[in-house]
Structure formats: C-alpha cells, structure tokens
Amino acid sequence: MNISTSRKWFDQAAAIIPGGVNSPVRACKSVDSTPLFITSAQGATLKDADGNTYLDYVASWGPMILGHAHPEVIAAVKKAADMGTSYGAPCRAEIELAELIIDCVPGIEMVRMVNSGTEATMSAVRLARAITGRDKIIKFDGCYHGHADAFLVAAGSGVATLGIPGSPGVPDSFVQHTLSLPFNNLESVTSAMDTLHGQVAAIIVEPIAGNMGVVLPQDGFLTGLRNLCTKHGTLLVFDEVITGFRVALGGAQQLYGVTPDLTCLGKIIGGGLPVGAYGGSKTIMSAVAPEGNVYQAGTLSGNPVAMAAGAATLQLLKKTNFYPELEQKGRQLFTGLRVAAEKEGIKVTVNFIASMGSMFFHPGPVTDFASVKESNSSAFINFYKYMRESGIYLAPSAFEAAFVSAAHTPADLDKTIEAASTAFKRLVSSGEMG
Ligand code: HOZ
C-alpha cells in the first residue's frame, strides 16, 4: 500500500510537534509503523492522504458509535456553528445534553460539562477528596483515567503502550496518595481498604477496562467495590469515558446494576467533538463551584457546537433497537475473529462486550493487567501490519479496544474476518506462532 504522503507529512509534523502527533499512541511507535494521515471519514471508513480507504475499528478511540459524519450529527454541528462557535456564556444546548445524560445514566442527577475525559476524572477525584476530607485514592493496574498527575501510576493506554512506568514530571508527592491494585482482585482491595480505613477518598475504576485492551469485570467485582465504598465512606467513581453510551444507554453501571457515586463521561457524549462530563447525586454535585466551593472551570466548557453534536448523537442512540442491532454486529466480529484464529490453530483470547472488544494473543483467561502483558506482542505487531495492509484500521496498540459502529455492515465485518484469517495464516507460515 502506498503511504508516501503520510510518511512525508509525518516527517514534517515530527519537526514541529513532539513525536509528530498530538496524542502518543497514534504515532504507531509500538507497532513499528508510520501513522496514517487521515483526510476524510465517512460511515465505517477512513480515507488517508494517499487515497487508501480503510474499514475503521478505532472510531476515534470510541466516540464514533454512529459511524463517521452521520448526517444528523453533521447537520446539528453546522446549524450550531452558524450561530457562533463559542460564547463563554450559558446556552440552551447545555441543558439539552445534560438532560439526555441524566435521563440515561442511573448514577447521574446533576452533571458538569468539561472538555475531555482527563478533565472529568481529575475533577471527580478533586470532588471526592473535598467531600470526604481524605487524600488517598485507589485505582487499578492497566486502567487509564487520562493524564492527570494522580493517575499516572501503573496506567494503561499510551502509558502502557510506551512502557512508561509512571511519568517524569509527576512529583512523588503527587502520586503518594495513589494506590494501584490488580483489576478484578477484590481481596486486595478489601485488605487495602481495611488497612487504610478512613483515609481513602475514592476508588476509581473503568467498570469494563478498555485501556489495557478490553478486560471484563468478573462476577461480584463491581458489587464488591460498591459495598466496600459504602462500608468505608469512600466514593465509588466509575470512569465511563469509554463505556458510557457504548455498552448500553446507561453505560456499564446500567448493564451490571451497580451505581457509583460519581460517573465520568467523555468520547460519545461529544459526538466526535471534545466533551467530557462528570456527574453524580445532587448532594455530591452541589459541592462544585459556584454552588459549592470545589473549584473547576473551563472557557470552552459547554461549547455550543460540541453540545449540539453530543445531543444529536445521544438522540439517535435512544432509538429502539439501536443497541441490540449494534451488539449483534459486535458478536459477529469478535466471535468471528476467535473462530478464524482457532481454525489456524492460534490460541487467542477475545474479550468483548456489546460493540467493544480486544483480541489478545494469549490462551487466556485475560482478566487483569498481568495477564494482558503476557500476550505475544510480536504476533500483535505483525497482525496489525497485515490488517492495515488489507485495509483494516485497528488501534496501533495491544492495550486499546476495537469498536464496532452502527455504520459497519455485516459484509464489512465478514471482510474484516476474512482479512484476519489471511493474517493468521501468514503468522503461522512465518513461524511467528512458534
Ligand atoms: N488515550 C486514548 C485512547 N485510549 C487516546 C489515544 C489517541 O487519541 O491517540
């Protein structure tokens, strides 16, 4: 595949933007590849600067659940943009998006809009610390909550992709209050909560981990966290930046029937524009300034164009059968990949739920960051490259999820499985699978 223009632009970008990208994973470093410069996106496909077309399973890392450039979302964006792109003052669209979120997400009665998932998680933790008067937080290995200082401990996503243990520039004193424990290990949380009784402000968790690849919560894990938080007066924070409106209208909390004290959202709620949000009960959220005194602000928060894109997206998700139809597509793709690998005698583990999933070159089970890291990374790299050559665009890291959108057709999914079959055959014939 000719990607000479992408190569040229990447060189140009690298001279003036760190690593040539504005977010590390997309540099494709860990898969030994050149990032593709995208010039347009439509439905389930992306077009690069050299005119190649790809079936897209990155979905802008989650937001594009309807597919790219959905006509109703684009119309809403254009209409809003015609009225001015930013006011720095309240607008009606903020109420519309807030109402849609509150209506759908069980744990949210009041919500504050921000501009990214990172802003949502850091603000939620500040709020939890203020409410409880405690400093410590518990997170989980391989979970990623954005790049705020407190979360850069054993983090997933780009931190895992680049093999960075923490990050230079984060003072030890900033992370001394962060304890990272193994995902799905309730015993370790129980014992930490007993030892630290009265000191833990929040347990923050991706209820379905999506930043170490997809790792599902085992039975009782989320309920166990809920009970521990209630017992110790700690706030349970669900980072649903990926899972919110992805696995169900009410997110993972609806699916698993566990209600957190605070929920962080992002990605889908912006319909492809930069939006994050955090919310919870009225009692908790009333502590946020200016109603309360926990400070958090943003010039572009509640931006009219972004609110319009988000509201248009959520309206479409509320249509009957949206989720069952999308889930069927998720099942087709993820079970198809597993079956195709097995046919070639390759042992993979495919973790998936609804329309998000990951394939690990690991016989399984893959239940935490330790098992994720045991996967065959060179097989993944070659698989990634074969797939991209065949026009299938996957996240360039084993520590990310694949997303199916409503725009993918059953034929697209079959084509993807076929390409994977060929890739598996090539892995076997190259001796890659040992
Ligand atoms: N860290 C995000 C994925 N889990 C965003 C990556 C990107 O946009 O490059």
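Laid out as a table, the results:
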item	result
Rounded if a/c under 1.5, otherwise prolate or oblate - segment 346-412, Cα gyration tensor axes	oblate
Mean residue ellipticity (222 nm) of the chain, computed from DSSP H runs ≥ 4 via -39,500 (n - 2.57), nearest 500	-11500 deg cm²/dmol
Given charges at beta-carbon only (K, R positive; D, E negative), |dipole| of the chain in Debye	300 debye
Debye, to nearest 20: dipole size of segment 173-276, +1 on Lys, Arg Cβ, -1 on Asp, Glu Cβ	180 debye
Counting DSSP beta bridges with both ends in the chain, the antiparallel % (nearest 5)	60 percent
Candidates His70, His197, His362, ranked by Gaussian network fluctuation over the chain, Cα under 10 Å, top entry	His197
Extension gain, Ile74 back to Gln328 (0.36 nm per residue minus Cα-Cα distance, nm)	88.8 nm
Cut-off 9 Å between beta-carbons: net charge of the residues surrounding Glu206, Lys and Arg +1, Asp and Glu -1	-2
Qualifying aspartates and glutamates (Cα of each under 16 Å from Cα of Lys136; at least 8 residues distant if same chain)	Asp149, Asp172, Asp194
Approximate shape of segment 85-223 as ellipsoid semi-axes (Cα gyration tensor, √5λ), whole Å, largest first	27, 19, 17
Tyr87-Leu316 pseudo-label distance in nm [points 7 Å out on the Cα-to-Cβ vector]	2.5 nm
Prolate/oblate/rounded label for segment 194-342 (Cα gyration tensor, a/c 1.5)	oblate
Most mobile listed residue (Gly156, Gly266, Gly345) in the chain, GNM with C-alpha springs under 10 Å	Gly345
Mean-position separation - Cα centroids, segment 249-284 and segment 197-241, in angstrom	14 Å
Two-site label geometry, Asp103 and Glu374: point separation in nm, points 7 Å out along Cα→Cβ	4.6 nm
HN-Hα J in Hz across segment 102-107 - Karplus 6.51, -1.76, 1.60, θ = phi - 60°, x for Gly and Pro	4, 4, 9, 9, x, x
Length-normalised contact order of the chain in % [C-alpha pairs under 8 Å, at least 6 apart]	22 percent
Burial ranking of peptide ranges 328-339, 171-182, 13-24, 243-254 (average Cβ count within 10 Å, highest at the top)	243-254, 328-339, 171-182, 13-24
Distance cut-off 21 Å, percentage of C-alpha pairs in segment 99-176 lying past it	37 percent
Accessible heavy-atom area order of Glu96, Glu432, highest first, probe of 1.4 Å	Glu96, Glu432
Inverse mean reciprocal Cα-Cα distance (Kirkwood Rh) of the chain, Å	22.1 Å
Percent RCO, i.e. relative contact order, over segment 131-201, from Cα pairs under 8 Å lying at least 6 residues apart	42 percent
Per-residue HN-Hα couplings for segment 298-307 [Karplus 6.51, -1.76, 1.60; θ = phi - 60°; Hz; x = Gly/Pro]	x, 4, 9, 5, x, 3, x, 6, 5, 5
With all protein chains modelled, accessible area of Ile65 [1.4 Å, Å²]	0 Å²
Segment 1-114 - percent of accessible surface contributed by carbon and sulfur, probe 1.4 Å	54 percent
Two-site label geometry, Thr5 and Lys282: point separation in nm, points 7 Å out along Cα→Cβ	5.5 nm
Anchor Lys385: lysines whose Cα lies under 25 Å away (excluding residues fewer than 8 positions away in-chain)	Lys8, Lys29, Lys47, Lys329, Lys343, Lys347, Lys373, Lys415, Lys425
Accessible area (Å², 1.4 Å probe, nearest 10) - Lys8	120 Å²
Hz values of 3J(HN,Hα) by residue in segment 400-411 - Karplus curve (6.51, -1.76, 1.60), Gly and Pro given as x	9, 9, 9, 10, 9, 10, 5, 7, 5, 9, x, 5
Full-stretch length increase - Thr39, Val339 - with 0.36 nm per residue and alpha-carbon distance subtracted	104.6 nm
Segment 172-221: radius of gyration over Cα atoms, expressed as a fraction of 2.2 N^0.38 Å	1.26
Neighbour cut-off at most 14 other Cβ (10 Å), DSSP loop, chymotrypsin sites (Phe, Trp or Tyr not before Pro), segment 1-103	Tyr87
Rounded accessible area per residue of the chain, 1.4 Å, Å²	41 Å²
Solvent exposure ordering (accessible area, 1.4 Å, most first) of Glu389, Glu94, Glu240	Glu389, Glu94, Glu240
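The values are calculated or read from the model by the stated rules, or taken from the named source; none is laboratory data. As the structure is a computational prediction, the values presented were derived from the model and not from experiment. All Cβ positions, glycine included, derive from the backbone under ideal geometry; neighbour counts span all protein chains shown. Each accessible area value is taken on the protein alone, full model and side chains, heavy atoms only, with ligands, DNA and RNA left out. Shrake-Rupley method; radii C 1.70, N 1.55, O 1.52, S 1.80 Å.
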